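So the structure is just underneath, and the comments pick up after that.
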Amino acid sequence: MHNPTNVFPSGTNRELTATAPQALRGSFRRTFFPLMISRIAAGFPSPADDYVEKQIDLNTHLIQHKEATFILRVSGWSMRDVGIFDGDEIIVDRAITPSDGKIVVAAINGELTVKRLRRVGESVHLLAENPDFPVIVLKEGEELCIWGVVTRVLHSV
Amino acid sequence: MPIVLIDANNFYVSCERVFRPDLEGKPVVVLSNNDGCVVARSAEVKALGIAMGVPWFQIKKLAQKEGIIALSSNYTLYADMSQRMMTILSDFSPIQEVYSIDECFLDLQGFAPEQCRQIGQTARQRIRQWLGLPVGVGIAPTKTLAKLANHLAKKQPKYAGVCVWEEIPEQKQAKILQQLPVTEVWGIGRQWGKRLQDIGILTVWDLQNADPRPMRQRFSILMERMIRELRGESCIAMEEVAPPKQEIQSSRSFGRPVKTIEELGEAISLYIVRATSKLRRQNSVAAALRVYIRTNPFQNHLPQYQAARTVVLSQASQDTRIFLHAGKLALTQMYREGFAYAKAGVHLLEISSAQSVQADLFGDMEAKKRANQLMATLDQINARFGRNVLQPGVAGLQETRSWEMKRGNKSPAYTTQWKELARVKVE
């Protein structure tokens with residue numbers, strides 16, 4: 001019986017059907033191929049070859065959007081209770097849209113600072129994570145400039 | 001085939017402002033090497049009528065009065081931000097031509113004007129959010145028109161940063177072109193501008209309506225192409241890979257007057273080291289070296305002297321040592337005592353691909369091979385441990401190089417050095 005969905009006559013190579021269009025460039029630019037570590041020898045291959053994986057890469061682990069990511073150095077203690085200490089480095093991803101509850105870098109009065117972003121009703125609060133520091137409540141008409149979203153802290157122990 | 005031209009507004013100043021939000025809305029200039037001239041101006045500074053390229057000392061008084069903030073150039077930062085910007089934009093089209101540090105063309109073949117507008121807006125928004133840089137977007141059927149559209153996108157607030165040439169009604173287009181001086185056309189410099197003026201071509205409109213054939217005879221084929229491009233006929237192709245540079249130079253003004261031949265020699269040697277490493281990076285060889293020295297022409301109460309010498313090599317090379325030798329030869333020939341030298345520079349000339357080098361009849365192939373290995377090792381060590389970690393002794397030691405240029409007010413290398421990361425106050 002004739003099958004209307006099959007455009008290829010039977011016997012042709014099915015592998016040739018078109019695949020979905022794909023971006024020529026995108027987030028796939030860097031690809032790692034695992035290397036086989038043992039030399040090819042006449043004897044038995046290394047039993048470890050099947051288990052070879054790529055090495056751990058901190059960049060891919062810590063950074064989601066390479067081009068939009070910046071590292072800044074913290075000075076001060078107002079975010080102590082979420083584990084951001086004086087002298088730490090923070091990873092900031094500007095490609096992430098800031099939303100309620102995120103820890104952000106904000107420009108306040110021309111200075112960069114780190115706070116937790118909170119939406120309370122109609123207004124926006126910037127919270128410190130240390131009871132010794134006050135909450136900043138944005139009044140109507142005051143412009144808030146969020147510089148980026150903090151994704152990680154690099155803290156040496 | 002719509003072409004998009006995206007470029008950053010006041011790129012250097014904008015890069016500085018990303019890490020210094022306090023500079024937002026204030027008049028800011030970035031100065032060239034050695035804090036000599038203005039190389040970037042914020043909108044506030046442009047509004048004061050300060051021109052591009054003016055020597056800093058000429059506007060120092062005005063700057064003080066107007067509260068202009070002057071920063072030394074931080075090319076490390078600008079290069080990193082540029083690279084990020086170009087990579088982000090490469091996601092919008094497989095065909096990209098990076099035209100300069102802060103602008104690139106994208107080919108949006110097959111997209112309708114309306115779709116192009118959306119792509120342009122997304123690209124603009126993304127650069128703004130991801131990098132904090134403001135950009136303008138011009139979209140048109142040819143590169144030359146895209147440049148003009150980009151100009152409109154920046155100058156006229158109603159386009160909100162994105163101008164699609166084909167969406168402008170024809171009558172309006174004509175009106176715009178009638179108001180733009182012909183020197184706004186990409187590729188028309190002051191010289192051609194003057195010659196065009198002489199034959200009555202004052203505006204872009206005049207040029208668009210000039211007969212391309214006689215214009216080609218009068219000027220050159222480039223002129224014909226420009227006219228055709230202005231008429232919407234694409235004549236200038238996208239260049240995706242930058243062609244290797246035909247001339248490499250390295251020159252700097254000194255931080256203080258230099259008098260002795262020893263110090264001049266140190267400076268010239270350092271420039272040769274830099275230029276030859278650039279030469280090897282693009283896998284080229286050079287067959288001649290030009291060296292020049294000069295005093296400061298702005299200090300005309302002091303005795304003035306300038307000189308240049310060109311040394312032609314017996315065979316094209318990329319070996320730093322050969323050029324150092326040639327540089328020393330040139331300097332001893334032209335050096336005169338009793339002058340306060342302000343600047344020196346070197347040019348590598350007659351550049352060609354290293355692959356196409358002819359063998360020297362009298363050359364020692366073994367020695368050449370060893371030289372190549374030595375240079376490759378030098379480059380590798382410097383790539384791994386930082387620029388100028390290892391270099392020939394004649395270039396002097398960094399610590400004692402007191403003649404090096406002033407960069408009094410340079411911002412930190414925020415994005416490339418752990419020691420210089422931007423600081424956030426968490427108080």
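The values are calculated or read from the model by the stated rules, or taken from the named source; none is laboratory data. What you see is a predicted model; the values in this text were computed from it and never measured. All Cβ positions, even for glycine, are placed from backbone atoms using ideal geometry, and neighbour counts span all protein chains on display. Protein only, heavy atoms only, side chains kept; ligands, DNA and RNA dropped before computing areas. Shrake-Rupley method; radii C 1.70, N 1.55, O 1.52, S 1.80 Å.
General remarks:
- Amide H contacts under 5 Å for B:Ala40: B:Val30, restricted to partners 5 or more places along the chain or on a different chain, H placed in the peptide plane at 1.01 Å from N.
- Take the Cα of B:Ala413, step 7 Å toward its Cβ, do the same at B:Lys155, and the gap between the two points is 3.9 nm.
- The heavy atoms of B:Asp22 present about 50 square angstrom of accessible area, all protein chains included, probe 1.4 Å.
- Alpha carbon Rg of the range A:75-131, scaled by the compact-globule rule 2.2 N^0.38 Å: 1.13
- Cα gyration tensor shape for the range A:49-157, rounded if a/c is under 1.5, else prolate or oblate: prolate
- Measuring against 27 Å, Cα to Cα, the residue pairs B:Lys147/B:Lys172; A:Lys139/B:Lys155; A:Lys139/B:Lys425; B:Lys60/B:Lys343; B:Lys46/B:Lys147 contain A:Lys139/B:Lys155 as the ones spanning a longer distance.
- Folded to 0 to 90 degrees: helix B:143-155 orientation relative to chain B principal axis, Cα: 80
- Most mobile listed residue (B:Glu266, B:Glu337, B:Glu233) in chain B, GNM with C-alpha springs under 10 Å: B:Glu337
- Label-to-label distance, nm, for residues given as A:His125 and A:Val157 (7 Å Cα→Cβ offset): 3.2
- Beta bridge orientation in the protein assembly as shown: antiparallel %, DSSP, nearest 5: 85
- The residues packed around A:Ala95, meaning those with a beta-carbon under 10 Å from its beta-carbon, carry a net charge of +1 if Lys and Arg are +1 and Asp and Glu are -1.
- On a per residue basis, chain B carries 52 Å² of accessible surface, using protein heavy atoms and a 1.4 Å probe.
- Set of lysines with alpha-carbon distance to A:Lys54 below 27 Å, sequence-local pairs under 8 removed: A:Lys66
- Nonlocal amide H pairs with B:Asn74, under 5 Å, H built at 1.01 Å: none
- Spacing of the two label points (7 Å from each Cα toward its C-beta) at B:Thr377 and B:Phe57, in nm: 4.7
- Taking Cα atoms only, the orientation of helix B:320-334 departs from the longest principal axis of chain B by about 80 degrees.
- Signed unit charges on C-beta, dipole axis of the protein assembly as shown, positive-most listed residue B:Ser277, B:Ala51, B:Ala342: B:Ala342
- Computed over chain B with a Gaussian network model linking Cα atoms closer than 10 Å, the most mobile of B:Leu230, B:Leu180, B:Leu302 is B:Leu302.
- Where N is the number of residues in chain B, Cα Rg divided by 2.2 N^0.38 Å: 1.12
- Across q = 0.11, 0.24, 0.28 Å⁻¹, the range B:145-216 modelled as identical point scatterers on its alpha-carbon atoms has Debye log10 I(q)/I(0) values of -0.29, -1.12, -1.34, in the order of the q list.
- Between B:Gln109 and B:Gln282, the contour length at 0.36 nm per residue exceeds the alpha carbon distance by 59.2 nm.
- Accessible surface of B:Lys154 - all protein chains present, 1.4 Å probe, nearest 10 Å²: 90
- Reducing the range B:265-280 and the range A:94-141 to their Cα centroids gives an inter-centroid distance of 50 Å.
- Global form of the range B:250-361, assessed from the alpha-carbon gyration tensor, a/c cut-off 1.5: prolate
- Förster radius 30 Å - calculated FRET efficiency between B:Glu66 and B:Arg256 (Cβ-Cβ, nearest 0.05): 0.55
- Peptide A:69-76 is shielded by partner chain Cβ atoms: per residue, an average of 6 of them sit within 10 Å of its Cβ.
- Entry note, chain B: the mean residue ellipticity at 222 nm calculated from DSSP H runs of n ≥ 4, each adding -39500 (n - 2.57), is -12500 deg cm²/dmol after division by the residues and rounding to the nearest 500.
- Relative contact order for the range B:143-256: 22 percent, from Cα pairs under 8 Å spaced at least 6 residues apart, divided by residue count.
- Extension gain (nm, one decimal) between B:Val312 and B:Arg218, 0.36 nm per residue minus Cα-Cα: 30.2 nm
- Cα-based helix-to-principal-axis angle, B:365-385 vs chain B, degrees rounded to 10: 60
- Across B:Lys61/B:Lys143; B:Lys278/B:Lys328; B:Lys194/B:Lys410, pairs whose alpha-carbon gap is larger than 30 Å: B:Lys61/B:Lys143; B:Lys194/B:Lys410
- Relative contact order (%) - chain B, alpha-carbon pairs under 8 angstrom, separation at least six: 17
- With at most 14 other Cβ atoms within 10 Å, longest stretch of chain B clear of loop chymotrypsin sites (Phe, Trp or Tyr not before Pro) (DSSP): B:1-297
- Integer Hz, Karplus 6.51/-1.76/1.60 couplings in order for the range A:60-76, x for Gly and Pro: 6, 6, 8, 10, 8, 10, 4, 5, 9, 9, 10, 10, 10, 9, 8, 10, x
- Relative frequency of Cα-Cα separations exceeding 30 Å in the protein assembly as shown, percent: 67
- Sites B:Arg370 and B:Thr332 - FRET efficiency at Förster radius 30 Å, r taken between beta-carbons, to 0.05: 0.60
- A Förster radius of 35 Å, combined with the Cβ-Cβ distance separating B:Gln125 from B:Phe298, puts the computed FRET efficiency at roughly 0.20.
- Taking B:Ile272, B:Ile168, B:Ile68 as the candidate residues, the one with maximal mean-square fluctuation in a Gaussian network model of chain B, Cα springs under 10 Å, is B:Ile168.
- Here is the interface size for B with A: some 2800 Å² of accessible area buried, both sides summed, with a 1.4 Å probe.
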